[in-house]
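The values are calculated or read from the model by the stated rules, or taken from the named source; none is laboratory data. Fair warning: this is a prediction, and the values are worked out from it, not measured in the lab. For neighbour counting, all protein chains shown are included, and Cβ atoms are generated from backbone atoms with ideal geometry for every residue, glycine included.
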(Lines give C-alpha, C1' and ligand atoms only; values in the text may rest on other atoms or scores of the structure.)
Protein backbone atom coordinates (compact mmCIF):
# COMPACT_ATOMS: atom_id res chain seq x y z
CA UNK A 1 0.00 0.00 0.00
CA UNK A 2 1.37 3.37 -0.96
CA UNK A 3 0.27 6.35 1.08
CA UNK A 4 1.57 8.80 -1.51
CA UNK A 5 -0.85 7.60 -4.17
CA UNK A 6 -3.74 7.51 -1.76
CA UNK A 7 -3.10 11.02 -0.50
CA UNK A 8 -2.90 12.27 -4.09
CA UNK A 9 -6.29 10.64 -4.66
CA UNK A 10 -7.58 12.47 -1.60
CA UNK A 11 -6.42 15.82 -2.98
CA UNK A 12 -8.28 15.15 -6.22
CA UNK A 13 -11.33 14.22 -4.15
CA UNK A 14 -11.07 17.67 -2.56
CA UNK A 15 -11.26 19.25 -6.01
CA UNK A 16 -14.42 17.21 -6.70
CA UNK A 17 -15.87 18.43 -3.42
CA UNK A 18 -15.19 22.03 -4.44
CA UNK A 19 -16.84 21.31 -7.77
CA UNK A 20 -20.01 20.47 -5.88
CA UNK A 21 -20.45 24.19 -5.19
CA UNK A 22 -21.04 24.58 -8.92
CA UNK A 23 -23.69 21.85 -8.80
CA UNK A 24 -25.49 23.63 -6.01
CA UNK A 25 -25.28 27.12 -7.51
CA UNK A 26 -25.94 26.28 -11.16
CA UNK A 27 -27.26 28.57 -12.65
CA UNK A 28 -28.18 26.53 -15.77
CA UNK A 29 -28.59 22.79 -16.00
CA UNK A 30 -25.50 22.70 -18.22
CA UNK A 31 -23.34 24.08 -15.42
CA UNK A 32 -24.47 21.23 -13.22
CA UNK A 33 -23.74 18.79 -16.00
CA UNK A 34 -20.23 20.19 -16.35
CA UNK A 35 -19.61 19.43 -12.71
CA UNK A 36 -20.67 15.87 -13.50
CA UNK A 37 -18.12 15.86 -16.29
CA UNK A 38 -15.52 16.99 -13.78
CA UNK A 39 -16.45 13.98 -11.66
CA UNK A 40 -15.80 11.80 -14.68
CA UNK A 41 -12.23 12.95 -15.25
CA UNK A 42 -11.37 13.24 -11.56
CA UNK A 43 -13.01 9.89 -10.86
CA UNK A 44 -10.82 8.24 -13.48
CA UNK A 45 -7.74 9.84 -11.93
CA UNK A 46 -8.72 8.70 -8.44
CA UNK A 47 -9.38 5.13 -9.60
CA UNK A 48 -6.02 5.00 -11.39
CA UNK A 49 -4.19 6.27 -8.32
CA UNK A 50 -6.01 3.78 -6.09
CA UNK A 51 -5.22 0.95 -8.51
CA UNK A 52 -1.54 1.67 -7.98
CA UNK A 53 -1.76 2.62 -4.32
CA UNK A 54 -3.73 -0.43 -3.24
CA UNK A 55 -2.23 -2.82 -5.81
CA UNK A 56 -5.67 -3.62 -7.23
CA UNK A 57 -5.12 -3.81 -10.95
CA UNK A 58 -8.85 -4.44 -11.56
CA UNK A 59 -9.55 -0.80 -10.77
CA UNK A 60 -7.99 0.08 -14.15
CA UNK A 61 -10.91 -1.62 -15.89
CA UNK A 62 -13.35 0.24 -13.69
CA UNK A 63 -11.65 3.49 -14.67
CA UNK A 64 -12.10 2.56 -18.32
CA UNK A 65 -15.83 2.02 -17.82
CA UNK A 66 -16.05 5.22 -15.82
CA UNK A 67 -14.55 7.22 -18.68
CA UNK A 68 -17.10 5.77 -21.08
CA UNK A 69 -20.03 6.38 -18.75
CA UNK A 70 -19.12 10.03 -18.14
CA UNK A 71 -19.17 10.67 -21.89
CA UNK A 72 -22.43 8.80 -22.28
CA UNK A 73 -24.04 10.79 -19.47
CA UNK A 74 -23.11 14.11 -21.07
CA UNK A 75 -24.27 13.05 -24.52
CA UNK A 76 -27.59 11.79 -23.17
CA UNK A 77 -28.05 14.98 -21.22
CA UNK A 78 -27.43 17.19 -24.23
CA UNK A 79 -29.61 15.13 -26.54
CA UNK A 80 -32.59 14.65 -24.25
CA UNK A 81 -32.80 16.45 -20.96
CA UNK A 82 -31.57 19.91 -21.80
CA UNK A 83 -33.46 20.31 -25.04
CA UNK A 84 -36.78 18.91 -23.88
CA UNK A 85 -36.76 20.86 -20.69
CA UNK A 86 -36.61 24.15 -22.58
CA UNK A 87 -39.21 23.13 -25.14
CA UNK A 88 -36.78 23.41 -28.04
CA UNK A 89 -37.50 20.56 -30.44
CA UNK A 90 -34.71 18.10 -30.85
CA UNK A 91 -33.02 17.83 -34.22
CA UNK B 1 14.99 1.76 -11.13
CA UNK B 2 14.51 4.01 -8.13
CA UNK B 3 14.94 7.11 -10.28
CA UNK B 4 12.18 6.01 -12.67
CA UNK B 5 9.90 5.57 -9.68
CA UNK B 6 10.76 9.00 -8.35
CA UNK B 7 10.20 10.56 -11.75
CA UNK B 8 6.77 8.96 -11.74
CA UNK B 9 6.02 10.48 -8.34
CA UNK B 10 7.13 13.88 -9.62
CA UNK B 11 4.75 13.62 -12.60
CA UNK B 12 1.84 12.56 -10.39
CA UNK B 13 2.41 15.43 -7.99
CA UNK B 14 2.72 17.85 -10.91
CA UNK B 15 -0.65 16.68 -12.18
CA UNK B 16 -2.49 17.64 -9.00
CA UNK B 17 -2.41 21.46 -9.44
CA UNK B 18 -4.10 21.08 -12.81
CA UNK B 19 -7.08 19.34 -11.24
CA UNK B 20 -7.28 21.96 -8.52
CA UNK B 21 -7.08 24.91 -10.93
CA UNK B 22 -9.60 23.23 -13.23
CA UNK B 23 -12.04 23.35 -10.34
CA UNK B 24 -11.04 26.92 -9.45
CA UNK B 25 -11.77 27.89 -13.04
CA UNK B 26 -15.09 26.08 -12.96
CA UNK B 27 -16.05 28.12 -9.92
CA UNK B 28 -14.59 31.48 -10.92
CA UNK B 29 -15.16 31.88 -14.64
CA UNK B 30 -18.18 33.93 -15.66
CA UNK B 31 -20.13 31.81 -18.17
CA UNK B 32 -20.67 28.33 -19.57
CA UNK B 33 -18.12 28.64 -22.35
CA UNK B 34 -15.23 29.87 -20.24
CA UNK B 35 -16.01 27.21 -17.63
CA UNK B 36 -15.85 24.61 -20.37
CA UNK B 37 -12.37 25.89 -21.24
CA UNK B 38 -11.23 25.38 -17.66
CA UNK B 39 -12.82 21.98 -17.33
CA UNK B 40 -11.65 20.35 -20.54
CA UNK B 41 -8.12 21.64 -20.74
CA UNK B 42 -6.89 21.63 -17.18
CA UNK B 43 -8.34 18.24 -16.32
CA UNK B 44 -6.99 16.57 -19.42
CA UNK B 45 -3.48 17.80 -18.74
CA UNK B 46 -3.77 16.76 -15.09
CA UNK B 47 -4.93 13.30 -16.05
CA UNK B 48 -2.20 13.10 -18.70
CA UNK B 49 0.50 13.86 -16.12
CA UNK B 50 -0.91 11.34 -13.65
CA UNK B 51 -1.06 8.70 -16.37
CA UNK B 52 2.51 9.51 -17.39
CA UNK B 53 3.61 9.15 -13.78
CA UNK B 54 1.78 5.88 -13.28
CA UNK B 55 3.20 4.57 -16.58
CA UNK B 56 6.70 5.27 -15.34
CA UNK B 57 5.90 3.25 -12.22
CA UNK B 58 4.05 0.43 -14.01
CA UNK B 59 5.22 -3.18 -13.73
CA UNK B 60 4.61 -4.24 -17.32
CA UNK B 61 3.85 -2.86 -20.74
CA UNK B 62 0.24 -4.07 -20.71
CA UNK B 63 -0.53 -1.72 -17.87
CA UNK B 64 1.14 1.15 -19.72
CA UNK B 65 -0.87 0.41 -22.84
CA UNK B 66 -4.09 0.27 -20.85
CA UNK B 67 -3.29 3.57 -19.14
CA UNK B 68 -2.66 5.23 -22.49
CA UNK B 69 -5.89 3.76 -23.85
CA UNK B 70 -7.77 5.25 -20.91
CA UNK B 71 -6.18 8.65 -21.55
CA UNK B 72 -7.09 8.60 -25.24
CA UNK B 73 -10.63 7.60 -24.33
CA UNK B 74 -10.98 10.41 -21.82
CA UNK B 75 -9.54 12.89 -24.35
CA UNK B 76 -12.06 11.89 -27.01
CA UNK B 77 -14.92 11.82 -24.52
CA UNK B 78 -14.18 15.17 -22.97
CA UNK B 79 -13.54 17.06 -26.20
CA UNK B 80 -16.69 15.60 -27.75
CA UNK B 81 -18.88 16.35 -24.75
CA UNK B 82 -17.34 19.81 -24.45
CA UNK B 83 -18.28 20.53 -28.06
CA UNK B 84 -21.80 19.14 -27.54
CA UNK B 85 -22.47 21.24 -24.45
CA UNK B 86 -21.12 24.39 -26.14
CA UNK B 87 -23.12 23.73 -29.28
CA UNK B 88 -26.41 23.24 -27.53
CA UNK B 89 -25.74 26.34 -25.46
CA UNK B 90 -25.26 28.24 -28.73
CA UNK B 91 -28.47 26.78 -30.13
CA UNK B 92 -30.31 27.89 -27.02
CA UNK B 93 -29.03 31.42 -27.67
CA UNK B 94 -27.00 31.64 -24.50
CA UNK B 95 -24.68 34.51 -25.33
CA UNK B 96 -21.05 34.37 -24.27
CA UNK B 97 -20.05 36.71 -21.49
CA UNK B 98 -18.08 39.69 -22.79
CA UNK B 99 -15.76 41.97 -20.94
CA UNK C 1 -13.58 -2.84 -70.16
CA UNK C 2 -10.00 -3.19 -69.12
CA UNK C 3 -10.17 0.10 -67.32
CA UNK C 4 -13.25 -0.97 -65.43
CA UNK C 5 -11.54 -4.21 -64.45
CA UNK C 6 -8.50 -2.44 -63.12
CA UNK C 7 -10.70 -0.13 -61.13
CA UNK C 8 -12.50 -3.00 -59.44
CA UNK C 9 -9.22 -4.77 -58.65
CA UNK C 10 -7.93 -1.55 -57.19
CA UNK C 11 -11.01 -1.08 -55.03
CA UNK C 12 -10.80 -4.71 -53.90
CA UNK C 13 -7.25 -4.30 -52.73
CA UNK C 14 -8.25 -1.06 -51.04
CA UNK C 15 -11.08 -2.83 -49.20
CA UNK C 16 -8.76 -5.65 -48.20
CA UNK C 17 -6.20 -3.25 -46.83
CA UNK C 18 -8.93 -1.41 -44.96
CA UNK C 19 -10.26 -4.63 -43.39
CA UNK C 20 -6.76 -5.71 -42.46
CA UNK C 21 -5.91 -2.39 -40.79
CA UNK C 22 -9.14 -2.33 -38.80
CA UNK C 23 -8.61 -5.94 -37.79
CA UNK C 24 -5.15 -5.03 -36.49
CA UNK C 25 -6.50 -2.02 -34.63
CA UNK C 26 -9.30 -3.93 -32.89
CA UNK C 27 -6.96 -6.81 -32.07
CA UNK C 28 -4.58 -4.36 -30.44
CA UNK C 29 -7.41 -2.91 -28.36
CA UNK C 30 -8.52 -6.41 -27.35
CA UNK C 31 -4.98 -7.33 -26.40
CA UNK C 32 -4.68 -4.23 -24.24
CA UNK C 33 -8.04 -4.84 -22.58
CA UNK C 34 -7.59 -8.51 -21.75
CA UNK C 35 -3.85 -8.82 -21.21
CA UNK C 36 -1.89 -11.86 -22.28
CA UNK C 37 -4.40 -14.63 -21.51
CA UNK C 38 -4.68 -16.92 -24.52
CA UNK C 39 -8.20 -18.15 -23.69
CA UNK C 40 -9.62 -14.66 -24.04
CA UNK C 41 -9.23 -14.93 -27.81
CA UNK C 42 -12.05 -17.52 -27.91
CA UNK C 43 -14.34 -14.57 -27.34
CA UNK C 44 -11.88 -12.12 -28.88
CA UNK C 45 -11.82 -13.32 -32.48
CA UNK C 46 -15.61 -13.39 -32.97
CA UNK C 47 -15.88 -10.02 -31.24
CA UNK C 48 -13.19 -8.50 -33.46
CA UNK C 49 -14.92 -9.97 -36.51
CA UNK C 50 -18.20 -8.34 -35.50
CA UNK C 51 -16.44 -5.05 -34.81
CA UNK C 52 -14.72 -5.00 -38.21
CA UNK C 53 -18.02 -5.83 -39.94
CA UNK C 54 -19.94 -3.16 -38.04
CA UNK C 55 -17.28 -0.51 -38.55
CA UNK C 56 -17.25 -1.19 -42.30
CA UNK C 57 -21.05 -0.90 -42.40
CA UNK C 58 -21.15 2.29 -40.34
CA UNK C 59 -18.16 4.08 -41.84
CA UNK C 60 -17.27 2.52 -45.19
CA UNK C 61 -13.65 2.67 -46.27
CA UNK C 62 -12.93 6.31 -46.78
CA UNK C 63 -10.80 7.79 -49.52
CA UNK C 64 -8.65 9.63 -47.05
CA UNK C 65 -5.93 7.73 -45.26
CA UNK C 66 -3.61 8.59 -42.45
CA UNK C 67 0.01 9.22 -43.20
CA UNK C 68 2.56 7.68 -40.87
CA UNK C 69 4.89 10.68 -41.00
CA UNK C 70 1.90 12.88 -40.26
CA UNK C 71 1.08 10.88 -37.12
CA UNK C 72 4.68 11.03 -35.93
CA UNK C 73 4.81 14.80 -36.27
CA UNK C 74 1.29 15.37 -34.95
CA UNK C 75 1.68 13.57 -31.61
CA UNK C 76 4.49 15.79 -30.22
CA UNK C 77 2.70 18.89 -31.53
CA UNK C 78 -0.52 17.81 -29.84
CA UNK C 79 1.15 16.94 -26.53
CA UNK C 80 2.97 20.26 -26.44
CA UNK C 81 -0.11 22.30 -27.35
CA UNK C 82 -2.39 20.56 -24.88
CA UNK C 83 0.04 21.01 -22.01
CA UNK C 84 0.37 24.68 -22.96
CA UNK C 85 -3.41 24.96 -22.89
CA UNK C 86 -3.52 23.45 -19.39
CA UNK C 87 -0.91 25.91 -18.17
CA UNK C 88 -2.78 28.76 -19.86
CA UNK C 89 -6.04 27.87 -18.09
CA UNK C 90 -4.16 27.50 -14.82
CA UNK C 91 -2.66 30.98 -15.17
CA UNK C 92 -6.02 32.55 -15.98
CA UNK C 93 -7.88 30.81 -13.18
CA UNK C 94 -5.34 31.81 -10.57
CA UNK C 95 -4.70 35.43 -11.58
CA UNK C 96 -6.09 37.87 -9.07
CA UNK C 97 -8.11 39.84 -11.59
CA UNK C 98 -10.06 37.53 -13.85
CA UNK C 99 -7.85 37.24 -16.94
CA UNK C 100 -10.51 36.40 -19.49
CA UNK C 101 -11.63 38.41 -22.50
CA UNK C 102 -13.86 35.99 -24.40
CA UNK C 103 -15.16 36.29 -27.93
CA UNK C 104 -16.47 34.31 -30.89
CA UNK C 105 -14.68 33.72 -34.18
CA UNK C 106 -15.95 31.99 -37.33
CA UNK C 107 -13.54 29.91 -39.31
CA UNK C 108 -14.13 28.30 -42.70
CA UNK C 109 -12.19 25.11 -43.15
CA UNK C 110 -11.12 23.34 -46.32
CA UNK C 111 -10.93 19.97 -44.61
CA UNK C 112 -13.33 17.47 -46.19
CA UNK C 113 -16.42 16.26 -44.39
CA UNK C 114 -16.05 13.16 -42.27
CA UNK C 115 -13.16 12.05 -40.13
CA UNK C 116 -10.71 14.93 -40.85
CA UNK C 117 -13.27 17.62 -40.07
CA UNK C 118 -14.56 15.90 -36.92
CA UNK C 119 -10.97 15.45 -35.78
CA UNK C 120 -10.29 19.13 -36.46
CA UNK C 121 -13.31 20.29 -34.45
CA UNK C 122 -12.42 18.06 -31.51
CA UNK C 123 -8.76 19.07 -31.40
CA UNK C 124 -9.65 22.78 -31.44
CA UNK C 125 -11.14 22.30 -27.98
CA UNK C 126 -7.85 20.99 -26.66
CA UNK C 127 -5.72 23.83 -28.03
CA UNK C 128 -4.76 26.81 -25.86
CA UNK C 129 -7.53 29.36 -25.59
CA UNK C 130 -9.92 27.94 -28.18
CA UNK C 131 -13.08 25.88 -27.96
CA UNK C 132 -15.22 24.74 -30.87
CA UNK C 133 -18.75 25.87 -30.15
CA UNK C 134 -20.57 25.06 -33.36
CA UNK C 135 -20.13 23.38 -36.73
CA UNK C 136 -22.35 24.25 -39.71
CA UNK C 137 -21.22 22.44 -42.89
CA UNK C 138 -17.66 23.82 -43.24
CA UNK C 139 -17.82 26.74 -40.82
CA UNK C 140 -16.60 26.26 -37.30
CA UNK C 141 -17.61 28.75 -34.63
CA UNK C 142 -14.75 29.04 -32.20
CA UNK C 143 -15.11 30.46 -28.73
CA UNK C 144 -11.91 31.99 -27.47
CA UNK C 145 -11.05 32.78 -23.89
CA UNK C 146 -8.90 35.76 -24.86
CA UNK C 147 -9.35 37.85 -27.99
CA UNK C 148 -5.73 38.99 -27.80
CA UNK C 149 -4.11 35.65 -28.58
CA UNK C 150 -3.47 34.89 -32.28
CA UNK C 151 -6.40 32.48 -32.66
CA UNK C 152 -6.48 32.71 -36.42
CA UNK C 153 -2.86 31.68 -36.88
CA UNK C 154 -3.18 28.90 -34.30
CA UNK C 155 -6.23 27.37 -35.95
CA UNK C 156 -4.70 27.65 -39.40
CA UNK C 157 -1.57 25.91 -38.18
CA UNK C 158 -3.68 23.11 -36.70
CA UNK C 159 -5.70 22.84 -39.92
CA UNK C 160 -2.56 22.45 -42.03
CA UNK C 161 -1.16 19.82 -39.69
CA UNK C 162 -4.40 17.85 -39.84
CA UNK C 163 -4.36 18.17 -43.63
CA UNK C 164 -0.90 16.58 -43.64
CA UNK C 165 -2.09 13.94 -41.18
CA UNK C 166 -5.00 12.87 -43.41
CA UNK C 167 -3.17 13.52 -46.72
CA UNK C 168 -5.57 16.26 -47.76
CA UNK C 169 -4.31 18.81 -50.25
CA UNK C 170 -5.37 22.37 -49.47
CA UNK C 171 -7.82 23.69 -52.05
CA UNK C 172 -6.95 26.73 -54.06
CA UNK C 173 -8.99 29.87 -53.67
CA UNK C 174 -9.74 29.08 -50.05
CA UNK C 175 -11.59 31.88 -48.30
CA UNK C 176 -9.24 33.46 -45.85
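Remarks
- From the options B:7, B:27, residue that is touching a helix residue (DSSP H, G or I) at 6+ places or on another chain (Cβ under 8 Å), facing chain C (nearest Cβ under 10 Å) and surrounded by fewer than 19 Cβ atoms within 10 Å (Cβ to Cβ): B:27
- Selected residue [surrounded by fewer than 24 Cβ atoms within 10 Å (Cβ to Cβ) and within 24 Å of residue A:59 (Cα to Cα)] from B:75, B:84: B:75
- When the range A:1-27 is filtered for residues that are at the interface with chain B (Cβ under 7 Å from one of its Cβ atoms) and free of Cβ contacts under 8 Å to residues at least 40 places away in the same chain, the ones remaining, listed by number, are A:11, A:12, A:15, A:18, A:19, A:21, A:22.
- The lone exception for residue B:44 - which of (1) closer than 30 Å to residue B:9 by Cα; (2) surrounded by 21 or more Cβ atoms within 10 Å (Cβ to Cβ); (3) more than 8 Å from chain C (Cβ to nearest Cβ) it fails: (3)
- Of the helices (runs of 4 or more DSSP H) contained entirely in the range B:1-84, those carrying at least 3 residues that are touching a residue at least 40 places away in the same chain (Cβ under 8 Å) and under 17 Å from residue A:11 (Cα atoms) fall at B:2-28.
So that you can scan it fast, the table gives a plain yes or no per residue for (1) touching a helix residue (DSSP H, G or I) at 6+ places or on another chain (Cβ under 8 Å); (2) buried (at least 22 other Cβ atoms within 10 Å of the Cβ):
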| residue | (1), (2) |
| --- | --- |
| A:4 | yes, no |
| A:7 | no, no |
| A:11 | yes, no |
| A:15 | yes, yes |
| A:20 | yes, no |
| A:27 | no, no |
| A:37 | yes, yes |
| A:41 | yes, yes |
| A:62 | yes, no |
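- Selection of the range B:60-85 for residues being more than 16 Å from the chain's Cα centre (by Cα) and at the interface with chain A (Cβ under 9 Å from one of its Cβ atoms) yields B:63, B:66, B:84, B:85.
- Residue pairs meeting the criteria (Cβ under 7 Å; at least 6 apart or on separate chains; first crowded, with 16+ Cβ neighbours inside 10 Å, in the range C:17-35; second outside any helix (DSSP H, G or I) and modelled with pLDDT under 85): C:18/C:61
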